[in-house]
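The values are calculated or read from the model by the stated rules, or taken from the named source; none is laboratory data. Predicted model, so just to flag it, every value in this text is computed and none were measured. Don't worry about glycine lacking a Cβ; one is built from the backbone with ideal geometry, like all the others, and counts go over all protein chains shown.
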Amino acid sequence: MALPVKSAGSVMSASLRLVAVRNSSSKPKVAVLGASGGIGQPLGLLLKQDPLIAHLSLYDVVNTPGVAADLSHIDSNAKVSAHTGPAELAAAVEGADVIVIPAGVPRKPGMTRDDLFNTNAGIVRDLCQTIAKVAPKALVAIITNPVNSTVPIAVEVFKKAGSYDKRRIFGVTTLDVVRSQAFVSDLKGTDASKTVVPVVGGHAGITIIPLLSQTSPKVSFTQPEIEKLTPRIQDAGTEVVNAKAGAGSATLSMALAGARFANSLLRALKGEKVVQCAYVESEAVKGVNFFSTPLELGPNGVEKILGVGKVTPFEQKLIDASVPELNKNIAKGVKFVSG
Ligand SMILES: NC(=O)c1ccc[n+]([C@@H]2O[C@H](COP(=O)([O-])OP(=O)(O)OC[C@H]3O[C@@H](n4cnc5c(N)ncnc54)[C@H](O)[C@@H]3O)[C@@H](O)[C@H]2O)c1
């Protein structure tokens, strides 16, 4: 049965009302908040094709009905619903198993991710206030920058609401992994689809730490190669921002990364053991409370934090240098919510 796509707050058909109630994780509901944006639209396109999704719920402050109408004409099984504006946010997230958040402004040339803090911090806080109340059991994947701070913001909001579960809130760093795998396979001539490079730390500048020594299948790098590739991966976002010359930041590769991460969460919900890197509350590295490392995912989110593994002295130096920077970003996020 095809679903008519309407804004859930306007005249709502009976069939749309039906899918607005909770789907069990055997029929997963995925909500995208910021669905009309540069990332949101191609992310919706990729998620619409994910056979694991039964209901794709699209939320934004503008343009959601058009995006949803367009996606709903694709002949895949996920049903699409549209929700526009704060009054429709609760319906968008209610019963969601996975919530992906790309809402917020992107960088322009010359900006750091931290320059986005003033606008995006409030957006993530407000969205999470509703999620913490209406969908406290959802797995929440935050794309909105600065991820190093927006994840601690989300955590503080959930703590305040009394519904925090540290296994369920993720900062999406998959794009750093995707980029590393693309660059390494280009350089070494390996099969990109089989090349795995863990990336640890955070998601900005020097906090992005590709563990090239753990590339699999095993390849070897000269020190000059490592010293060239590492900063390229750290600055890859800026490479895109500059190439887009004011038109935004990475959207297409980020949509792929976001869809890949959401698919991992959905497979984990079904009981599959999946390993992905993400930025979460973690004791993996001494002196800092949030860190991205490979994680074993399961039905409740993070099942096991796998840690940074065996690193080279070069990589250890990068990890050590990231700690004070991450602590600054984390404190800024915590202060934003707790005052
Ligand atoms: N984690 C990563 O690796 C990564 C990579 C690229 C971009 N990003 C970040 O993702 C975010 C989105 O980037 P984009 O290029 O899609 O931006 P965009 O401006 O094209 O889209 C953002 C969307 O968010 C919507 N929005 C704004 N306020 C909202 C609110 N309160 N509730 C719901 N939706 C709201 C806007 O209407 C817009 O449709 C930015 O913060 C960017 O920095 C993260």
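Some observations on this one:
- In segment 216-244, the residues that are of a type in the set (A, V, I, L, M) and either within 14 Å of the ligand (Cβ to nearest atom) or in contact with a His (Cβ under 6 Å, 6 or more places away or on another chain) (or both): Ile233, Ala236, Val240, Val241, Ala243
- Any chance Ser149 is among the polar types (S, T, N, Q), assigned to a helix (DSSP H, G or I) and outside the structural domain of Glu303 (by TED's automatic domain parsing): yes
- Residue match in segment 143-154 (condition: within 13 Å of the ligand (Cβ to nearest atom), β-branched (Val, Ile, Thr), out of contact with any strand residue (DSSP E or B) (no Cβ under 8 Å at 6 or more places or on another chain) and within 30 Å of Leu326 (Cα to Cα)): yes
- Meeting the requirement of 3 or more residues that are crowded, with 24+ Cβ neighbours inside 10 Å, the helices (runs of 4 or more DSSP H) wholly within segment 168-270 are 174-188, 252-269.
- Options Val275, Val280, Val285; residue that is surrounded by 23 or more Cβ atoms within 10 Å (Cβ to Cβ), among the β-branched types (Val, Ile, Thr) and under 21 Å from Phe170 (Cα atoms): Val280
- Any hit, segment 107-122, residues being over 30 Å from Glu325 (Cα atoms) and part of a helix (DSSP H, G or I): no
- Number of the exception - Thr215 against (1) touching a residue at least 40 places away in the same chain (Cβ under 8 Å); (2) in the same structural domain as Leu306 (by TED's automatic domain parsing): (1)
- Among the residues of segment 94-127, those that are away from the ligand (no atom under 11 Å from the Cβ) and either of a type in the set (A, V, I, L, M, F, W, C) or farther than 21 Å from Ala257 by Cβ (or both) comprise Glu94, Gly95, Ala96, Val98, Ile99, Pro109, Gly110, Asn118.
- Filtered by the rule that a residue be small (Gly, Ala, Ser), at pLDDT 95 or above and out of contact with any helix residue (DSSP H, G or I) (no Cβ under 8 Å at 6 or more places or on another chain), segment 254-291 gives Ser264, Ala268, Ser282, Ala284.
- Residue match in segment 312-320 (condition: buried (at least 21 other Cβ atoms within 10 Å of the Cβ) and of a type in the set (Asp, Glu)): yes
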